[in-house]
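Written below as C-alpha coordinates is the structure these notes are about.
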Amino acid sequence: AVSGVQLKDGRRIPADRVIIATGGRSYPLTGSTGDGYRFAAVLGHTITPLKPALVPLESSTPWIREVQGLALKNVAIKVLNNAGKTIYTDFGELLFTHFGVSGPIILSASTHLEQADSYRLLIDLKPALTPEQLDLRLQRDFMKNGRKVFHNALTELLPRTLIPVMVELVAVDPDKPVNQINKVERQRLAALLKELALDITSLRPIAEAIVTAGGVAINEIDPTTMESKLVKGLFFAGEVIDVNAYTGGFNLQIAFSTGHLAGNSC
Ligand SMILES: Cc1cc2nc3c(=O)[nH]c(=O)nc-3n(C[C@H](O)[C@H](O)[C@H](O)COP(=O)(O)OP(=O)(O)OC[C@H]3O[C@@H](n4cnc5c(N)ncnc54)[C@H](O)[C@@H]3O)c2cc1C
(Lines give C-alpha, C1' and ligand atoms only; values in the text may rest on other atoms or scores of the structure.)
Protein backbone atom coordinates (compact mmCIF):
# COMPACT_ATOMS: atom_id res chain seq x y z
CA ALA A 1 0.00 0.00 0.00
CA VAL A 2 1.01 3.63 -0.52
CA SER A 3 2.79 5.37 2.38
CA GLY A 4 3.61 8.74 0.79
CA VAL A 5 5.81 10.47 -1.78
CA GLN A 6 9.47 11.36 -1.75
CA LEU A 7 10.60 14.72 -3.16
CA LYS A 8 13.77 15.35 -5.16
CA ASP A 9 15.51 16.84 -2.11
CA GLY A 10 14.82 13.68 -0.14
CA ARG A 11 11.94 15.02 1.96
CA ARG A 12 9.03 12.65 2.41
CA ILE A 13 5.36 13.58 2.48
CA PRO A 14 3.37 10.89 4.26
CA ALA A 15 0.07 10.01 2.57
CA ASP A 16 -2.10 6.94 2.35
CA ARG A 17 -3.59 8.10 -0.98
CA VAL A 18 -1.52 9.36 -3.93
CA ILE A 19 -2.67 10.31 -7.44
CA ILE A 20 -0.16 10.10 -10.28
CA ALA A 21 -1.24 12.81 -12.73
CA THR A 22 2.08 13.70 -14.31
CA GLY A 23 0.90 13.82 -17.93
CA GLY A 24 2.57 12.25 -20.95
CA ARG A 25 6.03 12.59 -22.45
CA SER A 26 5.16 15.07 -25.19
CA TYR A 27 5.80 18.82 -24.99
CA PRO A 28 8.33 18.40 -22.12
CA LEU A 29 8.55 22.20 -21.82
CA THR A 30 5.13 22.08 -20.16
CA GLY A 31 6.64 20.04 -17.32
CA SER A 32 5.44 16.60 -18.35
CA THR A 33 8.60 14.65 -19.07
CA GLY A 34 7.22 11.18 -18.46
CA ASP A 35 8.14 10.75 -14.78
CA GLY A 36 4.81 9.11 -14.02
CA TYR A 37 5.58 6.16 -16.28
CA ARG A 38 8.72 5.50 -14.26
CA PHE A 39 6.85 5.81 -10.94
CA ALA A 40 4.16 3.40 -12.14
CA ALA A 41 6.66 0.92 -13.60
CA VAL A 42 8.72 0.83 -10.38
CA LEU A 43 5.50 -0.01 -8.55
CA GLY A 44 4.91 -2.99 -10.83
CA HIS A 45 2.62 -1.49 -13.47
CA THR A 46 2.75 -2.34 -17.15
CA ILE A 47 3.57 0.63 -19.39
CA THR A 48 2.29 0.03 -22.92
CA PRO A 49 4.64 1.36 -25.64
CA LEU A 50 4.78 5.17 -25.73
CA LYS A 51 4.45 6.88 -29.09
CA PRO A 52 3.63 10.32 -30.42
CA ALA A 53 -0.06 10.91 -31.19
CA LEU A 54 -1.68 13.99 -32.70
CA VAL A 55 1.67 14.85 -34.22
CA PRO A 56 2.62 16.52 -37.54
CA LEU A 57 3.96 14.36 -40.38
CA GLU A 58 7.22 14.64 -42.31
CA SER A 59 7.25 14.42 -46.09
CA SER A 60 10.05 13.87 -48.59
CA THR A 61 8.02 15.38 -51.44
CA PRO A 62 10.25 18.20 -52.70
CA TRP A 63 7.56 20.79 -53.58
CA ILE A 64 6.33 20.87 -49.98
CA ARG A 65 8.88 23.60 -49.21
CA GLU A 66 7.38 25.87 -51.86
CA VAL A 67 4.00 25.92 -50.14
CA GLN A 68 5.00 26.04 -46.46
CA GLY A 69 2.58 28.13 -44.42
CA LEU A 70 -0.33 27.41 -46.76
CA ALA A 71 -3.50 26.24 -45.01
CA LEU A 72 -6.11 24.36 -47.02
CA LYS A 73 -9.67 24.34 -45.71
CA ASN A 74 -12.36 21.82 -46.67
CA VAL A 75 -10.07 19.26 -48.24
CA ALA A 76 -10.45 15.49 -48.01
CA ILE A 77 -7.49 13.24 -47.26
CA LYS A 78 -6.75 9.59 -47.65
CA VAL A 79 -3.71 7.89 -46.10
CA LEU A 80 -2.45 4.71 -47.77
CA ASN A 81 0.02 2.27 -46.25
CA ASN A 82 2.87 0.57 -48.11
CA ALA A 83 0.52 -2.11 -49.41
CA GLY A 84 -1.69 0.60 -50.95
CA LYS A 85 -4.47 0.03 -48.43
CA THR A 86 -6.45 3.04 -47.22
CA ILE A 87 -5.96 3.28 -43.47
CA TYR A 88 -7.43 6.70 -42.76
CA THR A 89 -9.77 9.20 -44.39
CA ASP A 90 -10.86 12.60 -43.15
CA PHE A 91 -12.18 16.00 -44.21
CA GLY A 92 -11.21 19.43 -42.88
CA GLU A 93 -8.18 21.67 -42.53
CA LEU A 94 -4.57 20.88 -43.42
CA LEU A 95 -1.42 22.98 -43.10
CA PHE A 96 1.80 22.71 -45.12
CA THR A 97 4.96 23.24 -43.04
CA HIS A 98 8.68 23.36 -43.84
CA PHE A 99 8.99 19.65 -42.98
CA GLY A 100 5.67 18.29 -44.20
CA VAL A 101 2.06 18.61 -43.10
CA SER A 102 0.12 19.48 -39.98
CA GLY A 103 -3.36 20.77 -39.09
CA PRO A 104 -6.35 19.06 -37.45
CA ILE A 105 -6.97 16.27 -39.98
CA ILE A 106 -3.26 15.42 -40.18
CA LEU A 107 -2.94 15.29 -36.39
CA SER A 108 -5.90 12.92 -36.24
CA ALA A 109 -4.45 10.80 -39.05
CA SER A 110 -1.14 10.50 -37.18
CA THR A 111 -2.86 8.51 -34.45
CA HIS A 112 -3.20 5.66 -36.96
CA LEU A 113 0.40 5.73 -38.25
CA GLU A 114 3.55 3.99 -37.04
CA GLN A 115 6.80 5.91 -36.62
CA ALA A 116 8.85 3.36 -38.58
CA ASP A 117 6.55 3.07 -41.61
CA SER A 118 6.13 5.27 -44.66
CA TYR A 119 2.80 6.26 -46.17
CA ARG A 120 1.21 8.01 -49.11
CA LEU A 121 -1.08 10.95 -48.43
CA LEU A 122 -3.66 11.79 -51.11
CA ILE A 123 -5.29 15.21 -50.89
CA ASP A 124 -8.59 15.86 -52.65
CA LEU A 125 -8.60 19.62 -53.22
CA LYS A 126 -12.16 19.58 -54.59
CA PRO A 127 -14.04 17.05 -52.48
CA ALA A 128 -17.43 18.64 -53.17
CA LEU A 129 -17.14 17.86 -56.89
CA THR A 130 -17.23 14.47 -58.57
CA PRO A 131 -14.55 13.96 -61.26
CA GLU A 132 -17.23 14.62 -63.92
CA GLN A 133 -18.42 17.83 -62.22
CA LEU A 134 -14.82 18.97 -61.84
CA ASP A 135 -14.11 18.38 -65.52
CA LEU A 136 -17.19 20.46 -66.44
CA ARG A 137 -16.03 23.20 -64.07
CA LEU A 138 -12.58 23.21 -65.71
CA GLN A 139 -14.15 23.38 -69.16
CA ARG A 140 -16.24 26.38 -68.06
CA ASP A 141 -13.23 28.10 -66.44
CA PHE A 142 -11.05 27.49 -69.49
CA MET A 143 -13.77 28.78 -71.81
CA LYS A 144 -14.11 31.95 -69.73
CA ASN A 145 -10.33 32.45 -69.57
CA GLY A 146 -9.63 31.22 -73.12
CA ARG A 147 -7.04 33.85 -73.93
CA LYS A 148 -5.18 33.65 -70.64
CA VAL A 149 -2.07 31.53 -70.31
CA PHE A 150 -2.37 28.36 -68.23
CA HIS A 151 -0.74 29.57 -65.00
CA ASN A 152 -2.91 32.71 -64.98
CA ALA A 153 -6.11 30.77 -65.49
CA LEU A 154 -6.06 28.87 -62.21
CA THR A 155 -6.55 31.71 -59.72
CA GLU A 156 -10.21 30.93 -59.06
CA LEU A 157 -9.42 27.27 -58.62
CA LEU A 158 -6.35 27.20 -56.38
CA PRO A 159 -4.52 29.22 -53.71
CA ARG A 160 -1.83 31.39 -55.31
CA THR A 161 1.18 29.54 -53.83
CA LEU A 162 -0.09 26.18 -55.01
CA ILE A 163 -0.47 27.23 -58.66
CA PRO A 164 3.22 26.90 -59.74
CA VAL A 165 3.40 23.50 -58.05
CA MET A 166 0.27 22.24 -59.80
CA VAL A 167 1.38 23.63 -63.15
CA GLU A 168 4.66 21.75 -62.85
CA LEU A 169 3.04 18.52 -61.69
CA VAL A 170 0.49 18.57 -64.49
CA ALA A 171 3.38 19.00 -66.95
CA VAL A 172 1.76 21.64 -69.13
CA ASP A 173 3.71 24.67 -70.36
CA PRO A 174 2.69 27.46 -67.93
CA ASP A 175 2.59 29.94 -70.83
CA LYS A 176 0.34 27.83 -73.01
CA PRO A 177 -2.90 29.67 -73.85
CA VAL A 178 -5.79 27.98 -72.10
CA ASN A 179 -7.78 27.59 -75.33
CA GLN A 180 -4.98 25.32 -76.60
CA ILE A 181 -5.09 22.95 -73.64
CA ASN A 182 -6.34 19.61 -74.83
CA LYS A 183 -8.68 17.16 -73.13
CA VAL A 184 -5.89 14.88 -71.91
CA GLU A 185 -4.08 17.80 -70.26
CA ARG A 186 -7.30 19.06 -68.70
CA GLN A 187 -8.07 15.60 -67.36
CA ARG A 188 -4.54 15.38 -65.94
CA LEU A 189 -5.21 18.59 -64.02
CA ALA A 190 -8.57 17.27 -62.82
CA ALA A 191 -6.96 14.03 -61.62
CA LEU A 192 -4.32 16.00 -59.75
CA LEU A 193 -6.92 18.23 -58.11
CA LYS A 194 -8.69 15.11 -56.86
CA GLU A 195 -5.51 13.28 -55.80
CA LEU A 196 -2.53 15.44 -54.94
CA ALA A 197 -0.01 12.92 -53.58
CA LEU A 198 2.64 13.34 -50.89
CA ASP A 199 5.13 10.81 -49.54
CA ILE A 200 5.02 10.63 -45.75
CA THR A 201 8.32 9.46 -44.32
CA SER A 202 7.76 9.67 -40.56
CA LEU A 203 5.96 11.21 -37.64
CA ARG A 204 7.57 14.24 -35.97
CA PRO A 205 9.26 13.44 -32.61
CA ILE A 206 7.24 12.80 -29.46
CA ALA A 207 8.35 16.20 -28.08
CA GLU A 208 6.15 17.78 -30.78
CA ALA A 209 3.15 15.53 -30.24
CA ILE A 210 0.02 17.03 -28.70
CA VAL A 211 -0.44 13.83 -26.70
CA THR A 212 1.46 10.68 -25.84
CA ALA A 213 -0.20 7.41 -26.81
CA GLY A 214 0.45 4.44 -24.55
CA GLY A 215 1.02 4.56 -20.81
CA VAL A 216 -0.17 2.81 -17.66
CA ALA A 217 -2.15 -0.24 -18.79
CA ILE A 218 -5.86 0.34 -18.25
CA ASN A 219 -6.54 -3.23 -17.15
CA GLU A 220 -4.43 -2.52 -14.06
CA ILE A 221 -6.68 0.40 -13.03
CA ASP A 222 -10.17 0.14 -11.53
CA PRO A 223 -12.28 2.32 -13.88
CA THR A 224 -14.87 3.04 -11.18
CA THR A 225 -12.31 4.71 -8.87
CA MET A 226 -9.07 5.14 -10.92
CA GLU A 227 -7.27 3.22 -8.16
CA SER A 228 -4.46 0.85 -9.08
CA LYS A 229 -5.42 -2.81 -8.92
CA LEU A 230 -1.84 -3.55 -7.86
CA VAL A 231 -1.04 -0.93 -5.20
CA LYS A 232 -3.65 0.10 -2.65
CA GLY A 233 -4.03 3.87 -2.28
CA LEU A 234 -2.38 4.65 -5.63
CA PHE A 235 -4.56 6.39 -8.21
CA PHE A 236 -4.00 7.55 -11.79
CA ALA A 237 -5.46 10.43 -13.78
CA GLY A 238 -4.92 11.96 -17.21
CA GLU A 239 -2.48 11.34 -19.99
CA VAL A 240 -0.19 9.07 -17.96
CA ILE A 241 -2.84 6.38 -18.50
CA ASP A 242 -2.91 4.43 -21.77
CA VAL A 243 -5.78 6.45 -23.22
CA ASN A 244 -5.71 9.07 -25.94
CA ALA A 245 -8.18 10.54 -28.37
CA TYR A 246 -8.59 12.72 -31.45
CA THR A 247 -8.40 16.51 -31.35
CA GLY A 248 -11.55 18.29 -30.24
CA GLY A 249 -11.07 18.61 -26.48
CA PHE A 250 -11.33 14.88 -25.82
CA ASN A 251 -7.85 14.61 -24.27
CA LEU A 252 -8.58 17.42 -21.84
CA GLN A 253 -11.90 15.74 -21.07
CA ILE A 254 -10.05 12.49 -20.31
CA ALA A 255 -7.83 14.40 -17.87
CA PHE A 256 -10.79 16.22 -16.27
CA SER A 257 -12.98 13.13 -15.93
CA THR A 258 -10.30 10.76 -14.63
CA GLY A 259 -8.96 13.50 -12.32
CA HIS A 260 -12.45 14.18 -10.93
CA LEU A 261 -13.07 10.48 -10.36
CA ALA A 262 -9.66 9.84 -8.78
CA GLY A 263 -10.02 12.90 -6.55
CA ASN A 264 -13.48 11.89 -5.38
CA SER A 265 -12.38 8.31 -4.76
CA CYS A 266 -9.41 9.18 -2.54
C1 LIG B 1 0.26 22.41 -27.55
C2 LIG B 1 -0.83 21.52 -27.01
C3 LIG B 1 -2.15 21.74 -27.38
C4 LIG B 1 -3.16 20.91 -26.88
N5 LIG B 1 -4.44 21.14 -27.27
C6 LIG B 1 -5.42 20.35 -26.80
C7 LIG B 1 -6.77 20.60 -27.15
O8 LIG B 1 -7.08 21.55 -27.88
N9 LIG B 1 -7.72 19.77 -26.66
C10 LIG B 1 -7.41 18.71 -25.86
O11 LIG B 1 -8.30 17.98 -25.45
N12 LIG B 1 -6.15 18.45 -25.51
C13 LIG B 1 -5.15 19.25 -25.95
N14 LIG B 1 -3.86 18.99 -25.58
C15 LIG B 1 -3.59 17.81 -24.73
C16 LIG B 1 -3.92 18.11 -23.29
O17 LIG B 1 -3.35 19.36 -22.92
C18 LIG B 1 -3.36 17.00 -22.40
O19 LIG B 1 -3.82 15.74 -22.83
C20 LIG B 1 -3.78 17.22 -20.96
O21 LIG B 1 -3.30 18.47 -20.49
C22 LIG B 1 -3.24 16.12 -20.07
O23 LIG B 1 -3.52 16.47 -18.75
P24 LIG B 1 -2.71 15.84 -17.56
O25 LIG B 1 -3.20 16.54 -16.32
O26 LIG B 1 -2.76 14.37 -17.61
O27 LIG B 1 -1.19 16.23 -17.82
P28 LIG B 1 -0.50 17.67 -17.96
O29 LIG B 1 -1.49 18.70 -18.35
O30 LIG B 1 0.69 17.44 -18.83
O31 LIG B 1 -0.04 17.99 -16.48
C32 LIG B 1 0.95 17.22 -15.85
C33 LIG B 1 1.54 18.06 -14.74
O34 LIG B 1 2.38 17.24 -13.93
C35 LIG B 1 3.57 17.94 -13.67
N36 LIG B 1 4.64 16.97 -13.40
C37 LIG B 1 5.20 16.09 -14.27
N38 LIG B 1 6.14 15.35 -13.67
C39 LIG B 1 6.17 15.76 -12.37
C40 LIG B 1 6.93 15.38 -11.22
N41 LIG B 1 7.85 14.41 -11.29
N42 LIG B 1 6.70 16.01 -10.07
C43 LIG B 1 5.77 16.99 -9.98
N44 LIG B 1 5.02 17.40 -11.02
C45 LIG B 1 5.22 16.79 -12.20
C46 LIG B 1 3.83 18.76 -14.90
O47 LIG B 1 4.66 19.86 -14.60
C48 LIG B 1 2.42 19.19 -15.27
O49 LIG B 1 2.05 20.37 -14.61
C50 LIG B 1 -2.85 19.83 -26.03
C51 LIG B 1 -1.52 19.61 -25.66
C52 LIG B 1 -0.52 20.44 -26.13
C53 LIG B 1 0.89 20.18 -25.72
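The values are calculated or read from the model by the stated rules, or taken from the named source; none is laboratory data. Bear in mind the structure is a predicted one, so any value in this text is a computation, not a measurement. Cβ sites come from the backbone with ideal geometry, for glycine too, and all protein chains shown count toward neighbours. Accessible surface areas use protein heavy atoms only, side chains included; no ligands, DNA or RNA. Shrake-Rupley method; radii C 1.70, N 1.55, O 1.52, S 1.80 Å.
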Practice item. Pull out the extension gain between E114 and K144, defined as 0.36 nm times the separation in residues minus the alpha carbon to alpha carbon distance; nm, one decimal. Key: 6.1 nm
Practice item. Whenever you get a sec, line up V42, V18 from highest to lowest accessible area (probe 1.4 Å, protein heavy atoms). Key: V42, V18
Practice item. With a 1.4 Å probe and every protein chain kept in, tell me what percent of the accessible surface of the chain is carbon plus sulfur. Key: 56 percent
Check your understanding: Using the heavy atoms of the protein chains alone and a 1.4 angstrom probe, what is the accessible area of segment 120-266 per residue in square angstrom?
Key -> 50 Å²
Check your understanding: Hey, which aspartates and glutamates would be in cross-link range of K78, C-alpha to C-alpha under 17 Å, not counting anything within fewer than 8 residues on its own chain?
Key -> E58, D90, E93, E114, D117, D124, E195, D199
Check your understanding: How would you rank 131-139, 89-97, highest first, on the average number of other Cβ atoms within 10 Å across their residues?
Key -> 89-97, 131-139
**Study point:** Candidate lysines - alpha carbon under 29 Å from K144, same-chain residues fewer than 8 apart omitted
**Key:** K73, K126, K176, K183, K194
Practice item. Enumerate the residues in segment 215-242 having an amide nitrogen under 20 Å from the point lying 7 Å beyond the Cα of V5 toward its Cβ. Key: 215-217, 221-222, 225-242
Practice item. Per DSSP H run of n ≥ 4, the term is -39500 (n - 2.57); total these for the chain, divide by its residue number, and report the mean residue ellipticity at 222 nm rounded to 500 deg cm²/dmol. Key: -7500 deg cm²/dmol
Point to revise | Whole-number Å³ per residue for the convex hull built on Cα positions in segment 121-266 | key: 160 Å³
Exercise for review: Under 16 Å from a label point 7 Å along Cα→Cβ of I87: give me every residue in segment 107-129 with its amide N that close.
Suggested key: 107-122
Point to revise | Relative contact order computed over the chain (Cα-Cα under 8 Å; 6+ residues apart), in percent | key: 28 percent
Review point. Relative contact order (percent) for segment 131-196, with alpha-carbon contacts under 8 angstrom and 6 or more residues of separation?
Key: 42 percent
Study note, to complete from the structure: Quotient of Cα radius of gyration and Kirkwood radius for segment 131-196, i.e. Rg/Rh, equals 0.90
Practice item. First obtain the Kirkwood hydrodynamic radius of the chain from its Cα pairs, then insert it into the Stokes-Einstein equation at 25 °C and 0.890 mPa s, and state the resulting D in µm² per second as a whole number. Key: 115 µm²/s
Point to revise | segment 50-104, relative contact order in percent, only Cα pairs under 8 angstrom and at least six apart counted | key: 42 percent
Practice item. State, to one decimal in nm, how far the label point of K183 lies from the label point of T224, with both points 7 Å from Cα in the Cβ direction. Key: 7.0 nm
**Study point:** Set of lysines with alpha-carbon distance to K8 below 29 Å, sequence-local pairs under 8 removed
**Key:** K51, K229, K232
Exercise for review: Grab the beta carbon distance between T155 and D199, set R0 = 25 Å, and tell me the FRET efficiency rounded to 0.05.
Suggested key: 0.35
